[in-house]
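What follows is a set of notes on a single structure, which appears directly below.
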Amino acid sequence: MGEYMEDKDPLKKYKEKRDFKKTPEPISSEKTTSKNPRFVIQKHAARKLHYDFRLEVGGVLKSWAIPKGPSTDPGQKRLAVHTEDHPIDYINFEGIIPEGNYGAGTVIVWDNGTYQNLKEKVPIEKAVEEGHIDIWLEGKKLKGGYALIKTGRGKRKFWLLLKKKDEMANSDEDILVDRPESAICGCTIEEVDDTKK
Ligand code: MN
């Protein structure tokens, strides 16, 4: 029943959580059939700073909140909490969600680009369903193989984001510290906040 309702409008949860008269976040979803599906990672200074990892899958953005953010180090497992699907238009969203609204705080596009499904025999929709995604990212910052794997805990919510061991892996850098800026405006969260004061 719940699944059926979700299938009718995959953005139902997204819309229920937000008042679009009060938040600048997008309500609509552009209809695109891009050859290479896209991804975005938004840095979101909400009550707690986190990074939102979103993959273009089947006309929506499948989404995970990553408290510690992504890593280029294959030795790092990063918790990724599965959250509600977002509209495709969210892929370019940067701005300030005002106080009192869901997710209030500043958002920048920390990284964006395209991805490839590394599982030749499993469509990406099915990989999400099964809780094991293997992808190659071609971002401005993140590149190479990554895996998103559902853990046994908390039904469907808790996943892990892992950097795969390949030539793009780097255990010596902290890319979150080295490259804090937006992939769109080049500005940091702090600079966006300063312009609104
Ligand atoms: Mn968020």
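Points worth noting:
- For Gly105, the residues whose amide H sits under 5 Å from its own are Ile97, ignoring neighbours fewer than 5 places away on the same chain, with H placed 1.01 Å from N.
- In plain terms, the chain is cut at each of the GluC sites (Glu not before Pro) found in a DSSP loop with at most 11 other Cβ atoms within 10 Å, and the longest leftover piece is 31-98.
- Computed about its Cα centre, the charge dipole of the chain is approximately 620 debye, with only Lys, Arg, Asp and Glu carrying charge at their Cβ.
- Pairs from Lys121/Lys163; Lys13/Lys150; Lys77/Lys140; Lys12/Lys35; Lys22/Lys77; Lys12/Lys68 whose Cα-Cα separation, in the structure shown, is over 32 Å: Lys22/Lys77
- In order along the range 93-99, phi translates into HN-Hα couplings of 6, 9, x, 10, 8, x, 3 Hz, rounded to whole numbers, per the Karplus curve 6.51 cos²θ - 1.76 cosθ + 1.60 with θ = phi - 60° and x for Gly and Pro.
- Fraction of beta bridges assigned by DSSP in the range 12-195 that are antiparallel (%, nearest 5): 100
- In the range 12-195, Cα pairs under 8 Å separated by at least six residues give a relative contact order of 22 percent.
- Rounded to whole numbers, the Karplus 3J(HN,Hα) couplings from phi for the range 23-29 are 10, x, 5, x, 9, 8, 10 Hz, using 6.51 cos²θ - 1.76 cosθ + 1.60 with θ = phi - 60°, and x at Gly and Pro.
- Comparing Asp19, Asp172, Asp134 in a Gaussian network model of the chain, where Cα atoms under 10 Å apart are tied by springs, the biggest mean-square fluctuation is seen for Asp172.
- Every helix of 4 or more DSSP H residues in the chain counts as -39500 (n - 2.57), and over all residues that averages to -3500 deg cm²/dmol at 222 nm.
All of the numbers you see were taken from the coordinates with simple rules; none came from a lab. These figures come from a predicted structure and were not determined experimentally. Note that we place each Cβ from the backbone using ideal geometry, even for glycine, and neighbour counts take in every protein chain shown.
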